[in-house]
1. When only Cα pairs under 8 Å and 6 or more residues apart are kept, what is the percent relative contact order across the chain?
2. Limiting things to C-alpha atoms, what are the Rg and the maximum Cα-Cα separation (Dmax) for the stretch 37-178, in angstroms?
3. Looking at the stretch 226-278, what % of the alpha carbon pairs are farther apart than 15 Å?
4. Would you tally the net charge around Gln261, using a Cβ to Cβ cut-off of less than 13 Å, leaving Gln261 out, and scoring K and R as +1, D and E as -1?
5. Compute, for the chain, the length of the dipole vector about the Cα centre, with Cβ point charges of +1 (Lys, Arg) and -1 (Asp, Glu) only. Units Debye, rounded to 20.
6. For the stretch 149-207, state the average projected area of the convex hull of the C-alpha atoms over all orientations, rounded to one decimal in nm².
7. Can you pull the three principal axis extents for the Cα set of the stretch 2-88, in Å, largest first?
8. Ranked by Cβ crowding within 10 angstrom, fewest neighbours first, how are Leu210, Leu53 ordered?
Amino acid sequence: MKLIADSGSTKTDWALVENGMVLGKFQTQGINPFHQDDATIITILQDELLPHLSTFNSPVLTLYFYGSGLREEQKLRMNTLFKKTFPSGTIFLESDLLGAARALCGREEGIACILGTGANSCLYDGEKIVQNTPPLGYVLGDEGSGAVLGRLFMNAIFKDPQFVEIRELYMKETGLTMSLIINKVYREPLANRFLASTSSFIHQHLDNVLLRKLVKDNFRMFFQRNIVQYQRKDLSIQAVGSIAWYYQQEFRETVMEEGYQMGQILKTPIEGLIKYHQ
């Protein structure tokens, strides 16, 4: 049996596959070696993953794990941890960006984009990543992401007179004040997730021309700061992640306006990875 995983910091999607058939899909907590110690990762594997697998008779022979925070220097450590859970299995460990590229492009050349809470992109040759514009995180970069959309939104509602009514509606619906927002951004952990959470409000009120323009401005910055560096307008743009998925129309419009071809948009990579590893 093959076990395929796509892991972010929040959750991991797992798929168990045998002879091209999907036997089961399940979720656990996210596994991120940059943020978690060995004991935490082992606990997730043994207490959350193994109970799902215990109902199947065949052992896992091959594991394909794609994860955020999975840099080259973390692979030996992660291989050791997975071997404790799957001692007889062959283990392949790769980044979430390569997972996105394989899910979106398969074995064809293309430009793969992750647009969720964070953002990333790469030029992919059908097998490996050949160029990557560094995303730099939501403070220095991450254009196109949910976190940056939230940052643009917060700046606009407090500084742009055109957004006064939107600010009042947002504060009424959320119960937030400026001081609470400042506290969440600068004093509480996971400010990127808080900023990205504004996307639900923006999406609900997307008929407002100012909010729709904000969404497209965010996507436009993503292209101008990241995608333009690949200098490959002959390739289609493929995207995965909640921001690309829920703002598909705005994303597709921006792709065309920036002179690129639109490929597919996936909410999560797992289905594409199942197909890739058949």
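Just so you know, all these numbers are worked out from the coordinates, no wet-lab data involved. Note that the coordinates shown come from a computational prediction; the quantities given were computed from them, not determined experimentally. Neighbour counts run over all protein chains shown; Cβ positions are idealised from the backbone, glycine included.
1. Values: 484 pairs, mean separation 50.0, N = 278.
RCO, the chain: 18 percent.
2. 20.8, 63
3. Values: 706 of 1378 pairs.
Looking at the stretch 226-278, the distances longer than 15 Å represent 51 percent of pairs.
4. Details: positive: Arg232, Lys233, Arg252; negative: Glu108, Glu109, Asp234, Glu257, Glu258.
Around Gln261, the charge tally is -2.
5. Details: 28 positive and 30 negative charges, 37 e Å.
Computed charge dipole of the chain: roughly 180 debye.
6. Working: hull surface 15.3 nm².
Across all orientations, the stretch 149-207 yields a mean hull projection of 3.8 nm².
7. Principal-axis extents of the stretch 2-88 (Cα, largest first): 33, 25, 22 Å.
8. Values: Leu210 15, Leu53 19.
Exposure proxy ranking, most exposed first: Leu210, Leu53.
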